[in-house]
Amino acid sequence: MKKRPSLGAHVSVAGGLLNGIKNAERIGAECIQLFGASPRAFAVGRKSPDEIAEFKKARDKAGVEQVFLHGAYLVNLASPDSSLRERSEVNLAGHLAIAESIGADGLIFHIGSGKEMPKSDALDIVVEAIKRILGFVKGNASLVIENSAGGGQKIGSSPREVGNVIERVGSHRLKVCWDTAHAFEAGQIEKYDESGVRALVQSFKDGFELDNLVAFHINDSKTPFNSKHDRHENLGEGHIGLDGFKNLAKAHELYHAAWILEVPGFDDMGPDKKNLDILKSCFN
């Protein structure tokens, strides 16, 4: 049994993919998340063979265990607007192709919201969209559904709802990333105490195969329980609190997944060594 999971963070790749590895080494990250293309645009550029080769070589040398990409914020596979859905599909396929090309484990993304559409109809649309994306981009890289903070008819706030999508798509390349802050903000878990964490793990098992959980976003919450607002905070500075992450760290059944920070950073420059050291200390 592993002594603890791989611990890491979202890292900047400004200036090139290689800088993602350099930033990982700077803060002591063992696993990373990065943007393969702009998160605020639908257009997806390609990476050169030289940049990809350089990244892979540096990753191997640094011993980074898992690499995930994060999708664009504009994506909404459930939108009532068919043109937005189409652009979302194309965008996600482009990001997934980058993930495959650099040897990443997968692409983490938010499903989106059906807004005024009945949720059952929105789910039907989402399932078919995911099937098309996985069919278009062949390979080993997974599409990884991230749980939502709820509100606005967003899809995927509960393990059962995420699991329903996975079951209906029927692909081994569809996985789960669970965000600690989103779950708290969505009203899925009020306290990360021992009983709360046990109930959370059981909800995973009830919703989907535990092996499908490949990553955690480890974030404290700037907003209260069931706020439905997605606002991350540094570890120990938010409404979850440091004891909550210490309790989560006792859940050995979750050690197979990569634990990735997406916190603002104590200098407001993104996940930093101080937050990662705090997370590592939760396992002592």
### Query
Given that just one value was derived from the coordinates, which of (1) 208; (2) 165; (3) 118 is volume of the Cα convex hull per residue in Å³?
(3)
### Query
Classify the stretch 95-215: rounded, prolate or oblate, from the alpha-carbon gyration tensor (a ≥ b ≥ c, eigenvalue square roots; a/c under 1.5 rounded; otherwise prolate if a/b is larger than b/c)?
oblate
### Query
Stretched out fully, how many nm does the piece from residue 60 to residue 121 gain, at 0.36 nm a residue minus the Cα gap?
17.6 nm
### Task
Rounded to the nearest 0.05, what FRET efficiency do residue 274 and residue 43 give with R0 = 30 Å and r taken as the Cβ-Cβ distance? Could you check?
0.30
### Query
Distance in nm between label sites at residue 18 and residue 4, each 7 Å beyond Cα in the beta-carbon direction?
3.1
### Query
Over the stretch 104-243, what is the mean sequence separation of C-alpha contacts under 8 Å (at least six apart), divided by residue count, expressed as relative contact order in percent?
23
### Message
Using a Förster radius of 25 Å, what is the FRET efficiency between residue 25 and residue 255 based on their Cβ-Cβ separation? Nearest 0.05, please.
### Response
0.65
### Task
Could you order peptides 69-78, 14-23 by the average number of other Cβ atoms within 10 Å of their residues, highest first?
69-78, 14-23
### Task
Express the relative contact order of the chain as a whole percentage, based on alpha carbon pairs under 8 Å and six or more residues apart in sequence.
18
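Please compare each pair in 3/273; 61/222; 175/250; 131/205 to a cut-off of 27 Å on the Cα-Cα distance and tell me which ones are over it.
Flagged as over cut-off: 61/222.
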### Message
Quick check: Cα centre of the stretch 45-65 to Cα centre of the stretch 73-144, how many Å?
### Response
25
### Summary
With 0.36 nm assigned to each residue of separation and the Cα-Cα distance removed, residue 281 to residue 131 gains 50.0 nm
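Over the stretch 175-243, what relative contact order in percent results from Cα pairs under 8 Å that are six or more residues apart?
Reported as a whole number, the value is 42 percent.
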#### Entry: Point-to-point label distance, residue 199-residue 51, nm (Cα→Cβ direction, 7 Å offset)
4.6
### Task
Based on other C-beta atoms within 10 Å, arrange 117, 269 from fewest to most.
269, 117
#### Entry: Packing-based ranking, highest mean first, of 240-251, 55-66 given that Cβ atoms within 10 Å are counted
240-251, 55-66
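Each value in this text was obtained by applying a stated rule to the coordinates, not by laboratory testing. Worth saying up front: this structure is predicted, and the values here are computed from it rather than measured. Ideal geometry is used to build each Cβ from the backbone, glycine not excepted, and the neighbour counts take in all protein chains shown.
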